[in-house]
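Structure first, then comments.
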Amino acid sequence: MDVIVTAPPGALVTWEEADAHLRLDGDEDQREYVMRLAAAASAHIDGPTGWLGRAIGPQTLRAALARVEDLLEPLPYPPLIDVVGIQYVDASRQVQTWDPQNYETIGGRIIPVEGAALPAVYDGTYSRSFPLVTVSYRAGFVVDAAANPLVPAVPEPIRHAVLLMIGDMYRFPETASDLNVAPSAIPMSTTVKHLLSPFRKFF
């Protein structure tokens, strides 16, 4: 199952939180740089490319499935907020939308409702450029899944870990000398890993 982010999340902490953690006394000259550190630290752990293997800030993902039966598997990078839409290639190789009245979500899974079945999909070979089924969904920690816009509800251990990562990069500038490096290159302290480990998922 290939998953990409189509609407990314924001930084997992606010300027006010980072300012208080770093004791900058509201120094606006530092805001842009600190929030770049926050974005780098957040990207390192969040979403499909993140160390945690889950969605933290609310984001929209698109999963490309090789088989229609894969719809019954838990959607990756939980927690699931809702399903935006499901499209599939039918027997005539036409893209169709599966009627949302035919399915529901339970425990991060897509389940056909009583009396409905999985859609009939083209009997062909899956490829990344020609996925047979695609699922667009929103995932992340939020206060109220029914709210619009969604309000993030980042668990406190994750929030504190991000602040520690920001502090490490701020105090040791060589760590963050180039914020265009891959997020995976950002080091994490033992304390940060201990805070994050209970939330880590492996697929």
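None of the figures in this text is laboratory data; all of them are computed from the coordinates on show. Please read all numbers here as calculations on a predicted model, not as lab measurements. Cβ coordinates were reconstructed from backbone atoms using ideal geometry, including for glycine residues, and neighbour counts include every protein chain displayed.
Take each peptide in 151-160, 114-123, 130-139, 34-43, count the other Cβ atoms within 10 Å of every residue, and average; sorted highest first, the result is 34-43, 130-139, 151-160, 114-123.
Please say if the range 59-139 is rounded, prolate or oblate, where rounded means a/c under 1.5 for a ≥ b ≥ c the square roots of the C-alpha gyration tensor eigenvalues, and otherwise the choice is prolate for a/b larger than b/c and oblate otherwise? Verdict is oblate for the range 59-139. The label-point distance for Ile106 and Ala66, in a model that sets each label 7 Å from Cα toward Cβ, rounds to 2.7 nm. Here each label is just a point 7 Å from Cα along the line to Cβ, and for Ala146 and Glu32 those points are 4.3 nm apart.
Modelled label positions at Ser129 and Glu156, each set 7 Å beyond Cα in the direction of Cβ, lie 5.2 nm from each other. The residues Ile56, Ile86, Ile4, Ile106, when put in order of fewest to most other Cβ atoms within 10 Å, stand as Ile106, Ile4, Ile86, Ile56. Given the alternatives [x] 1.18; [y] 0.96; [z] 1.13, Cα Rg over 2.2 N^0.38 Å as computed for this entry is given by [x].
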